[in-house]
Amino acid sequence: PSITRGVTVEIPKVTWEDIGGLKDLKKKLQQAVEWPIKHSAAFSRLGISPVRGILLHGPPGCSKTTLAKAAAHAAQASFFSLSGAEMYSMYVGEGEALLRNTFQRARLAAPSIIFFDEADVVAAKRGGSSSNSTTVGERLLSTLLTEMDGLEEAKGILVLAATNRPHAIDVALMRPGRFDLVLYVPPPDLEARCEILHVHSRNMKIDDDVDLRRIAEDTDLFTGAELEGLCREAGIVALRESIDATVVSDRHFETVKASLKPALTRAEID
Ligand code: ATP
């Protein structure tokens, strides 16, 4: 990927199969992202305007970024990734310039997806502060709104944003023609955890005694990121036991599992 300060560009390699669970969500994203790019003639024929922005929200580590990348891969779209937090910390005017520049480059590289991580930092509710000075967040938000409104004529550009704090997002972004689609990305249920464990152990040499389904049952509230870490750590434990190890066994998974506690709590997700 090419990297300039604050933004990376690539066509990601991640595919839908790399993401465990979330079947319906993947289907919705497929329709919203792939169809307008692959079947733009059909959209024009029927006079339907495609979705311009999608907001993904949900707890950290549950594949919001990975879903955005898989969507870009499926559509073979250039993927421009911006970090809200990084833009916020830039010098006066630099974040706005980066935003404008990124939309410009995305137009040239279309089909493109512009992805905002930690979008709530950039798109936070306008504070109604009594002073006349506008805050960094307000200036970034107004630039983003201008750019999104300008997408009307631009074909093949879609904005995806991810946040753990959807309530912090300014309602102006939820108007039609902006973030038309809001999707919740939940923590994985049992089936999804099972699939995630399969995804992240498929390149590992796993012993016959490893029962991924049982591990999935024992890992309620674990996020995809935590399950990925569990698989990796189990491999490390096997190596620590013997640097000549040829397989990762159930006891290695058990050792790691016993030492982990999920960061999420039931109260946070219900
Ligand atoms: P954050 O809010 O912290 O940015 P996120 O929701 O964007 O998190 P990702 O960055 O997409 O999460 O995922 C973190 C890691 O966890 C990735 O390396 C990804 O492979 C893994 N992961 C998370 N969910 C899944 C899943 N459903 N299937 C496979 N891997 C997953």
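The values are calculated or read from the model by the stated rules, or taken from the named source; none is laboratory data. Keep in mind the model is a prediction, meaning the values are calculated, not measured. Note that each Cβ is placed from the backbone with ideal geometry, even for glycine, and that neighbours are counted across all protein chains shown. Surface areas here come from the heavy atoms of the whole protein model, side chains and all, with no ligands, DNA or RNA. Shrake-Rupley method; radii C 1.70, N 1.55, O 1.52, S 1.80 Å.
Which of the residues that make up segment 34-80 are closer than 16 Å to V159 by Cβ and polar (S, T, N, Q)?
Of everything in segment 34-80, those that are closer than 16 Å to V159 by Cβ and polar (S, T, N, Q) turn out to be S49, T65, S78.
What number of residues in segment 200-218 are in a helix (DSSP H, G or I) and in contact with a Phe, Trp or Tyr (Cβ under 8 Å, 6 or more places away or on another chain)? Please lay out each step first, then the result.
So the first thing to find is which residues in segment 200-218 are in a helix (DSSP H, G or I), and the list is 200-201, 212-217.
Within this subset, residues satisfying the condition of being in contact with a Phe, Trp or Tyr (Cβ under 8 Å, 6 or more places away or on another chain) are 215.
The number of residues fulfilling the criteria is 1.
Scan segment 109-132 and tell me whether some residue there is of a type outside the set (V, I, T), outside any loop (DSSP other than H, G, I, E, B) and open to solvent by 70 Å² or more (accessible area, probe 1.4 Å).
First, the residues of segment 109-132 that are of a type outside the set (V, I, T): 109-112, 115-120, 123-132.
With the extra rule that they be outside any loop (DSSP other than H, G, I, E, B), the set shrinks to 112, 115-117, 119-120, 124.
Narrowing further to those that are open to solvent by 70 Å² or more (accessible area, probe 1.4 Å): none.
No; the residues of segment 109-132 include none that is of a type outside the set (V, I, T), outside any loop (DSSP other than H, G, I, E, B) and open to solvent by 70 Å² or more (accessible area, probe 1.4 Å).
Could you please find all residues in segment 81-93 being over 15 Å from the mean Cα position of the chain (by Cα) and either over 22 Å from E10 (Cα atoms) or not in a helix (DSSP H, G or I) (or both)?
Matches in segment 81-93: Y88, S89, M90, Y91, V92, G93.
Given the residues S40, S89, which is the only one that is over 25 Å from N164 (Cα atoms), open to solvent by 50 Å² or more (accessible area, probe 1.4 Å) and more than 13 Å from the ligand (Cβ to nearest atom)? Quick ask: steps written out before the conclusion?
On the way: S89 fails: over 25 Å from N164 (Cα atoms).
Exactly one of S40, S89 is over 25 Å from N164 (Cα atoms), open to solvent by 50 Å² or more (accessible area, probe 1.4 Å) and more than 13 Å from the ligand (Cβ to nearest atom), namely S40.
Restricting attention to segment 92-102, and to residues there that are modelled with pLDDT under 90 and among the small types (G, A, S), which single residue is most open to solvent (accessible area, probe 1.4 Å)?
G93
Any chance you could count how many residues in segment 104-127 are under 26 Å from H167 (Cβ atoms) and not acidic (D, E)?
As a first pass, look at segment 104-127 and keep what is under 26 Å from H167 (Cβ atoms): 113-127.
Restricting the remaining residues to those that are not acidic (D, E) gives 113-116, 119, 121-127.
Residues that pass the stated criteria total 12.
What helices (runs of 4 or more DSSP H) lie completely within segment 222-270 and have 2 or more residues being more than 15 Å from V199 (Cβ to Cβ) and modelled with pLDDT of 95 or more?
224-241, 250-259
Output the residue which, of all residues in segment 186-228 that are of a type in the set (G, A, S) and under 18 Å from the mean Cα position of the chain (by Cα), is farthest from the ligand (Cβ to nearest atom). Walk me through it before giving the result.
Filtering segment 186-228 for residues of a type in the set (G, A, S) gives 192, 201, 216, 224-225.
Remaining after also requiring under 18 Å from the mean Cα position of the chain (by Cα): 192, 224-225.
Numbers: A192: 6, G224: 2, A225: 3 Å.
The selected residue is A192.
Within segment 14-37, which residues are within 16 Å of the ligand (Cβ to nearest atom) and open to solvent by 50 Å² or more (accessible area, probe 1.4 Å)?
We begin by selecting, within segment 14-37, every residue within 16 Å of the ligand (Cβ to nearest atom); these are 14-30, 33.
Residues satisfying the conditions are E17, K23, D24, K27, K28, Q30.
Which of the residues that make up segment 143-199 are at pLDDT 95 or above, in a helix (DSSP H, G or I), buried (at least 20 other Cβ atoms within 10 Å of the Cβ) and not basic (K, R)?
Within segment 143-199, A192, C194, E195, I196, L197 qualify.
Does segment 241-258 hold any residues that are touching a His at 6+ places or on another chain (Cβ under 9 Å) and open to solvent by 50 Å² or more (accessible area, probe 1.4 Å), and which are they?
The answer is E241, and nothing else.
What is the residue count in segment 43-70 for residues that are among the hydroxyl-bearing types (S, T, Y) and either open to solvent by less than 40 Å² (accessible area, probe 1.4 Å) or away from the ligand (no atom under 15 Å from the Cβ) (or both)?
Within segment 43-70, the first condition is being among the hydroxyl-bearing types (S, T, Y), and the residues that meet it are 44, 49, 63, 65-66.
Next, from what is left, pick out any that are either open to solvent by less than 40 Å² (accessible area, probe 1.4 Å) or away from the ligand (no atom under 15 Å from the Cβ) (or both): 44, 49, 63.
So the count comes out to 3.
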